[in-house]
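What follows is a short report on a single structure.
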Amino acid sequence: MSFADLGLSEEVLKAVFDAGYSDPTPIQQGAIPHVLMGRDILGCAQTGTGKTASFTLPMIDILASGRARSRMPRTLILEPTRELAAQVAENFDTYGKYNKLTKALIIGGTSMDEQTRVLDKGVDVLIATPGRLLDLFERGGMLLNDVKILVIDEADRMLDMGFMPDVEKIVSLLNKIRQTLFFSATMPPEIKRLADAFLINPREITVARPATTSKNIEQHLVMISHTNKRDISGLQKAKREALRQIICQESVKNALIFCNRKRDVDIVHKSLQKHGYNSATLHGDMSQPARMETMTKFKADEIALLVCSDVAARGLDIDDLSHVFNFDVPMHAEDYVHRIGRTGRAGKTGRSFTLAWREDEKFLDAIEEITGEKVRRIELGNGGQSETRKKPDKPRKTRPSRDKVARDTDARSENGSAKAEIRSHQHDLDKQDKDEPVIGMGDHVPAFMTRALKI
Ligand code: AMP
């Protein structure tokens, strides 16, 4: 099936052609003709499947006739995070370039006055996060009873983030005669209940088994041999070392590094910077302009490593992301699927590495259960083989080169406990990290480290 078979207008087809897409993805094939016919949609699809275009493309055509009135948006798209909302807005710019549509982005962290001014002029599409939308509504900034199409995107995420009461309130403010498009990566019973409440005779489309991981992602699990439950800072330190070692061994073009806590986002970022890596952070406490600026730089390859929290990185659409690192094992198995799903998108391949220790076993079991896959366990070293390490004779002044690490590894592979020796080796590196400044990169400098950092 081609895009031309879906019933889209010439203008939209031209924009799709300009975007370089040849064939519609399964969710686009399943949804677009039905959205154009005015039917409700219940889409079970992950990000990375072309889900956004499956609703934006037909919406552009539906909106092509008619005009928006002041403060009365014609369509409403609810997104769980500011980044996702901004991405959907970008999609409207890309696919709507041959149509004259007006849109407003109502998200926290940006000026409310400016948002009200845009709404005053009348908008075809309102893209919003639930909290800010209600805020503005309650201040009398808009009327929602002219909304003809409602999109609820990433519903499971909205539920996780506690936004569902806001979403339900927003839905209660809308006209009952409307078209509703409801998307979720997973369909737990609570989401199904909401879908039943919001949708009328929807067309159900499932493009992947709930919470499946893309076949294009090579997943790895690195067990950190740390046993002292009371020494969490020691564990985190060992993980930072392991992270650097993997980055050094892999050819990382760009990567997202997920931490469970905001505090660790900062610590990991500072540690990477201290070791000469080009990194930045993305988390919920940053102002919206700062988040946007960081994302723009990351997408433009000016930042190579982005250390982030789940909320900030949810649904980010980054072309060609080579790696995802889970510095911490996520506590919700579904977050694992979403995190690693940032790579291996749109037919490309990606690699993920999850750092774990023995206390994470229950979370790892949950991940393997939800994805139905066993994640490959590797030990650090050459090519992921189980290897041993020998304590270097003297502390080094510079970071070891990739070749040097491999040579050491080969030499050590004949004897001893791998994990213990990795620990002692890393202890030396760490001691040296702490005591002495890093004064070189060794003889292997990955390309991304040589690019200028303009934060
Ligand atoms: P989404 O699932 O909406 O986050 O989209 C994931 C990525 O797929 C985005 O980078 C889109 O630009 C891209 N994409 C969407 N539709 C297509 C298509 N039909 N062919 C190729 N890439 C697509």
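For residue 330, which of the numbered conditions (1) at pLDDT below 90; (2) more than 16 Å from the ligand (Cβ to nearest atom); (3) on the phi < 0 side of the Ramachandran plot; (4) open to solvent by less than 10 Å² (accessible area, probe 1.4 Å) fails to hold?
That leaves (1) as the condition not met.
Looking at segment 142-156, can you tell me whether even one residue there is under 23 Å from residue 289 (Cβ atoms) and of a type in the set (S, T, N, Q)?
No, that holds for no residue.
For segment 337-380, what are the residues that are buried (at least 17 other Cβ atoms within 10 Å of the Cβ) and within 16 Å of the ligand (Cβ to nearest atom)?
Matches in segment 337-380: 337, 338, 339, 340, 341, 342, 343, 344, 345, 350.
Can you say whether residue 109 is more than 16 Å from the ligand (Cβ to nearest atom) and open to solvent by 20 Å² or more (accessible area, probe 1.4 Å), as far as the supplied structure shows?
Yes: the conditions hold for residue 109.
I'd like to check something: does segment 108-123 contain any residue that is under 27 Å from the mean Cα position of the chain (by Cα) and at pLDDT 90 or above?
Among the residues of segment 108-123, not one is under 27 Å from the mean Cα position of the chain (by Cα) and at pLDDT 90 or above, which makes the answer no.
Just checking, how many residues over segment 6-35 are at pLDDT 95 or above and of a type in the set (D, E, K, R)?
Number of matching residues: 3.
I'd like the full set of residues that are within 30 Å of residue 120 (Cβ to Cβ), open to solvent by 20 Å² or more (accessible area, probe 1.4 Å) and more than 9 Å from the ligand (Cβ to nearest atom), limited to segment 20-67.
38, 61, 62, 64, 65, 66, 67
Here is a yes/no grid of residues against (1) of a type in the set (Ser, Thr, Tyr); (2) part of a strand (DSSP E or B); (3) over 17 Å from residue 344 (Cβ atoms); (4) in contact (Cβ under 8 Å) with a residue 12 or more places away in the chain:
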residue: 236; (1), (2), (3), (4): no, no, yes, yes
residue: 241; (1), (2), (3), (4): no, no, yes, yes
residue: 251; (1), (2), (3), (4): yes, no, no, yes
residue: 265; (1), (2), (3), (4): no, no, yes, yes
residue: 273; (1), (2), (3), (4): no, no, yes, no
residue: 277; (1), (2), (3), (4): yes, no, yes, yes
residue: 280; (1), (2), (3), (4): no, yes, yes, yes
residue: 290; (1), (2), (3), (4): no, no, yes, no
residue: 298; (1), (2), (3), (4): no, no, yes, yes
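Just checking, does segment 79-97 include any residue being open to solvent by 30 Å² or more (accessible area, probe 1.4 Å) and away from the ligand (no atom under 16 Å from the Cβ)?
no
Kindly establish whether residue 320 is surrounded by fewer than 17 Cβ atoms within 10 Å (Cβ to Cβ) and within 25 Å of residue 45 (Cβ to Cβ).
The answer is yes for residue 320.
Please list, ordered by first then second residue, the pairs with beta carbon atoms under 7 Å, 6 or more apart or interchain, first in segment 369-386 and under 21 Å from residue 336 (Cβ atoms), second at pLDDT below 85 and among the β-branched types (Val, Ile, Thr).
Close Cβ pairs satisfying both conditions: 371/212; 371/213; 373/213; 380/422.
Go through (1) without any contact (Cβ under 8 Å) to a residue 60 or more places away in the chain; (2) part of a helix (DSSP H, G or I); (3) of a type outside the set (Ser, Thr, Tyr) one by one and return the number of the condition residue 62 breaks.
All conditions are met except number (1).
In the set 262, 253, which member is more than 25 Å from residue 218 (Cβ to Cβ), at pLDDT below 95, open to solvent by 10 Å² or more (accessible area, probe 1.4 Å) and touching a Ser or Thr at 6+ places or on another chain (Cβ under 6 Å)?
262
Any residue in segment 3-25 that's within 12 Å of residue 97 (Cα to Cα): show its pairings with residues that are open to solvent by 70 Å² or more (accessible area, probe 1.4 Å) and more than 13 Å from the ligand (Cβ to nearest atom) at Cβ separation under 7 Å, as long as the two are six or more apart or on different chains.
Hits for this filter: 11/98; 14/98; 15/97; 15/98.
The values are calculated or read from the model by the stated rules, or taken from the named source; none is laboratory data. Just so you know, these numbers come straight off a predicted model, no measurement behind them. Heads up, the Cβs are rebuilt from the backbone with ideal geometry, glycines too, and the neighbour counts pull from every protein chain shown. The accessibility values were calculated without ligands, DNA or RNA, using every heavy atom of the protein model including side chains. Shrake-Rupley method; radii C 1.70, N 1.55, O 1.52, S 1.80 Å.
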